[in-house]
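Student: Let me give you the structure first, and then I'll get to my questions.
Just so it is clear, none of the values below were taken in a lab; they were calculated from the coordinates. Since the model is a prediction, treat every value here as computed from it, not as a measurement. Methodologically, a virtual Cβ is constructed for each residue, glycine included, from the backbone with ideal geometry; neighbour enumeration extends over all protein chains shown.
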């Protein structure tokens with residue numbers, strides 16, 4: 001079975017400060033990891049993914065994420081947050097041998113001006 | 001380029017009425033297809049996924065069913081809606097095979113009254 005945990009329901013940061021959204025995962029094999037963002041009443045937008053290779057992956061809108069196999073984590077980061085980054089963020093995992101994509105509960109990010 | 005269409009955007013249905021939500025994908029062949037439900041703007045629950053025509057896997061026993069009559073068409077149905085079926089329904093697709101991200105439609109807001 002595969003699962004994802006996002007331990008923080010909410011993250012609040014000031015504009016210009018670094019942003020981190022935490023994610024830990026559990027899979028039986030090698031993980032494929034993803035981050036998505038959702039704006040109100042909209043579908044999910046893909047931000048970035050880790051498949052293999054470098055542990056630091058870069059994605060859209062200045063976001064990056066670091067894969068840590070020993071800690072089974074895949075935290076999302078942005079060096080300098082913008083007010084427009086305020087949204088709901090989802091971490092997701094897929095096992096190498098599975099078609100299912102499992103999502104965490106989501107973290108609401110609020111960036112204050 | 002690939003696009004995913006999901007309709008309607010909003011739907012208000014009485015308890016006991018039938019439901020049919022449709023999702024189509026353009027610009028790709030043999031996609032994996034998914035139906036998710038999101039309750040109260042939070043976590044996503046995988047309802048069904050399909051790896052081919054007529055092949056449907058159900059994740060959660062419920063009042064809903066899914067069908068895939070054509071390669072790029074995925075339909076979510078119910079014979080009789082319950083109040084608990086209210087939510088935000090999201091269709092998604094991914095490239096056949098593992099390791100790729102899923103792309104989401106814009107969602108359908110279903111309210112059962």
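Student: Separation of region B:91-113 and region B:1-32 by C-alpha centroid, Å?
Tutor: For region B:91-113 versus region B:1-32, the Cα centre distance is 9 Å.
Student: Looking only at other chains, what is the average number of their beta-carbon atoms within 10 angstrom of each beta-carbon in A:86-97?
Tutor: Partner Cβ neighbours, averaged per residue: 2.
Student: While we're on this one: Note the full-extension length gain between residue A:77 and residue A:45 as 0.36 nm times their separation in residues minus their Cα-Cα distance, in nm to one decimal.
Tutor: Details: separation 32, 0.36 × 32 = 11.52 nm, distance 1.63 nm.
Once the chain is fully extended between residue A:77 and residue A:45, it gains 9.9 nm.
Student: Using every alpha carbon pair in chain B, what percent of pairs falls into each 10 Å bin from 0 up to the bin containing the largest distance?
Tutor: That works out to 15, 50, 29, 5, 0, in percent per bin.
Student: Where in region B:18-45 does the amide nitrogen come within less than 14 Å of the point 7 Å from the Cα of residue B:77, taken along Cα to Cβ?
Tutor: The answer is B:18-23, whose backbone nitrogens lie closer than 14 Å to the label point.
Student: Just subtract the alpha-carbon distance of residue A:86 and residue A:10 from 0.36 nm times their residue separation and send over the number in nm, one decimal.
Tutor: 26.3 nm
Student: Sticking with this one: Could you line up B:93, B:7 from fewest to most neighbouring Cβ atoms inside 10 Å?
Tutor: Numbers: B:93 24, B:7 14.
Fewest-to-most Cβ neighbours within 10 Å comes out as B:7, B:93.
Student: Return one quarter of the surface area of the convex hull spanned by the alpha-carbon atoms of region A:1-74, equal to its mean projected area, in nm². Spell out each step's value before the answer.
Tutor: On the way: hull surface 24.1 nm².
Averaged projected area of region A:1-74's Cα convex hull equals 6.0 nm².
Student: How shielded is A:39-52 by partner chains, expressed as the average number of their Cβ atoms within 10 Å of its Cβ atoms? The partial results should precede the final answer.
Tutor: On the way: counts 0, 1, 7, 6, 13, 12, 2, 5, 1, 1, 3, 1, 4, 1.
So the per-residue partner count for this stretch is 4.
Student: Work out Dmax and Rg for the protein assembly as shown from the C-alpha atoms and quote the Rg first, both in angstrom.
Tutor: Calculated on Cα positions, Rg and Dmax stand at 17.6, 52 Å.
Student: Right, here's the next one. Quick one: compute a quarter of the convex hull surface over the Cα atoms of region A:3-43 and quote it in nm².
Tutor: Computed as one quarter of the Cα hull surface, the answer is 4.3 nm².
Student: Here's something else I'd like to know. Give the relative contact order (percent, whole number) for region A:74-113; include only Cα pairs under 8 Å separated by 6+ residues.
Tutor: Values: 43 pairs, mean separation 18.4, N = 40.
Relative contact order for region A:74-113 comes out at 46 percent.
Student: Now for a separate question. How far is the Cα center of region A:1-78 from the Cα center of region B:43-79, in Å?
Tutor: Centre-to-centre distance over Cα atoms comes out at 27 Å.
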